[in-house]
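Everything below concerns the one structure shown next.
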Amino acid sequence: MMTTNEIIALEGRYDSDLYSKQPLVIVRGEGARLWDTDGKAYIDCIGGHGVANVGHTNPAVIKAIKEQAQRLWACPNGFYNDRRAQLLAELIRVAPPGMERVFLCNSGAEAVEAALKFARVSTGRTKVVAAMRGFHGRTFGALSATWRKAYRQPFEPLVPGFEFVPYNRLEQMRQAVDEETAAVILEAVQGEGGVIPGDGEYLRGVQALCQERGALFIVDEVQTGFGRTGRMFASQHYDLQPDLMCVAKGIASGFPMGAVLLSSRVGDLPPKSHGTTFGGNPMACAAALATINFIESEGLPQRAAKLGAQLMDGLKAITSPLVREVRGLGLMVGMELKGKSAPYLAALAERGVLALSAGATVMRFLPPLVISTEEVDTVVEQVAEVLCAEQVKVEAGDCGANV
Ligand SMILES: Cc1ncc(COP(=O)(O)O)c(C=O)c1O
């Protein structure tokens, strides 16, 4: 058995150096809890970056993966497969209305990449309008639709034809979309950009604008999908009917998978114009089928709505001058601070709560949707203590959790 320090040294020596890592070695998970090598437990409000919606090591998903592992792992898309057929039908059944076909892939960026290619080939146009503060992934197409300069600059020149407009501002979008626009791509709730919920009128307005001007509307539900925001998909809050909808993260509970759902507004795709070796493999399909079944049978979207409200109310009740705003949708919650969030996130981890950042100043909470009410209370208490501990250094003022 390697010690904690040996694991950190080994991974630190050979990993790509692309990630800034916390000095924690996580080795086990169950529900909304994680454990490190010393046996210390954490309430997990990172959820594998919004992946573990049904909880870590969910028994229903384990069973599905085990059964499939004994039958078939690889099945290229040139053949039919029982699990894949079932999953395609299930995705269309739970999707917003108007979805007709699905392209299965392996990650969020791959889903965005495919959606951009489909939009170009279907419209014969090349321009794409995306939002400031938007995040869509790190491959060249997805990165070209991603706003933050630090992600883009080292890799320029990127794919040409991308333009950025402010999020939730319809007038600016109206000025940007024209007869050369292949697609508009937006998140229904901006995640990485700071947990910014889309305005319903704005999103419906963008959809109408796309229809009017012959562009396709791509909704990126990679982070918001599969119950996270209180509906199966965030688009359903707003009665949206995207032309292309990108999903990944929670789709298969951590088994790598992504998908693009396509409406009839996307024309026929030329055969062989896109493809993937691993996309739609039976293992991922089995994991996704079990995941969707669990989300529905356990009413996880409703649970996310209820516990998300509890978390947001609790965080809003914290009286600290360090807090600028608490916002979110369902169990996708952001607490914007007036300064950098990193020291508070580190202090939270020490107290047994893991959360992640969204930009420099926002603490983001993406717990498994099976998190308990008691665990949510503990998260709120710990956030209050961390903020108060810091404030007390400045002034002995009114500071606390009113949970
Ligand atoms: C909205 C959104 N789109 C796309 C991606 C990219 O997904 P992946 O990391 O699986 O490539 C992410 C990842 O965080 C995301 O939040």
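Approximating the spin labels as points 7 Å out from Cα along Cα→Cβ, the E163-to-A309 distance works out to 4.1 nm. Stretched out straight at 0.36 nm per residue, the stretch from Q175 to R13 would grow longer than its current Cα-Cα span by 53.3 nm. Residue ranking by accessible heavy-atom surface, 1.4 Å probe, largest first, among L262, L269 comes out as L269, L262. Hey, what angle do you get for helix 4-14 against the long axis of the chain, alpha-carbon based, 0 to 90 degrees rounded to 10? On a 0 to 90 degree scale, this one is about 40. Carbon-plus-sulfur accessible fraction, the chain (probe radius 1.4 Å, protein heavy atoms only): 53%.
Helix 108-123 and the longest principal axis of the Cα set of the chain meet at an angle near 30°. Across the stretch 285-300, computed HN-Hα scalar couplings (Karplus, 6.51 cos²θ - 1.76 cosθ + 1.60, θ = phi - 60°) run 4, 5, 4, 5, 4, 5, 5, 4, 4, 5, 4, 6, 5, 9, x, 5 Hz from first to last residue, x flagging Gly and Pro. Okay, which of the stretch 112-130 sit inside 17 Å, backbone N to the point 7 Å along the Cα-Cβ direction of R213? So the set is 119-120, 123-130.
Fully extending the segment from V121 to A89 would add 9.1 nm, taking 0.36 nm per residue of separation and subtracting the current Cα-Cα distance. Checked against a 29 Å cut-off, the cross-linked pairs K117/K340; K249/K272; K117/K306; K127/K316 give Cα-Cα distances beyond that limit for K117/K340; K117/K306; K127/K316. Here the spin labels are modelled as points 7 Å beyond Cα on the Cα-Cβ line, and at Q22 and N77 they lie 3.7 nm apart. For H274, the solvent-accessible surface with a 1.4 Å probe is about 60 Å², rounded to the nearest 10.
Do you know the relative contact order of the chain, to the nearest whole percent, from alpha carbon pairs under 8 angstrom that are 6+ apart? So the answer I get is 21 percent. Averaged per residue, the chain has 45 square angstrom of accessible surface, using a 1.4 angstrom probe with ligands and nucleic acids left out.
For the chain, the longest principal axis of the Cα atoms and the long axis of helix 373-394 meet at an angle of about 60 degrees. For the pair the stretch 4-21 and the stretch 328-347, the centres of their Cα atoms are 25 angstrom apart. Computed over the stretch 248-403, relative contact order equals 21 percent, with contacts defined as Cα pairs under 8 Å that lie 6+ residues apart. Would you kindly calculate the translational diffusion coefficient of the chain, applying Stokes-Einstein with the Kirkwood radius from alpha carbon pairs, for 20 °C and a viscosity of 1.002 mPa s, and quote it in µm² s⁻¹ without decimals? Taking Rh from Cα pairs, D becomes 98 µm²/s.
Express in whole angstrom the spacing between the alpha-carbon centres of the stretch 94-125 and the stretch 359-377. Value for the Cα centre distance between the two parts: 30 Å.
The values are calculated or read from the model by the stated rules, or taken from the named source; none is laboratory data. This one's a predicted model, so the numbers in the text were calculated from it and none came from an experiment. Don't worry about glycine lacking a Cβ; one is built from the backbone with ideal geometry, like all the others, and counts go over all protein chains shown. The accessibility values were calculated without ligands, DNA or RNA, using every heavy atom of the protein model including side chains. Shrake-Rupley method; radii C 1.70, N 1.55, O 1.52, S 1.80 Å.
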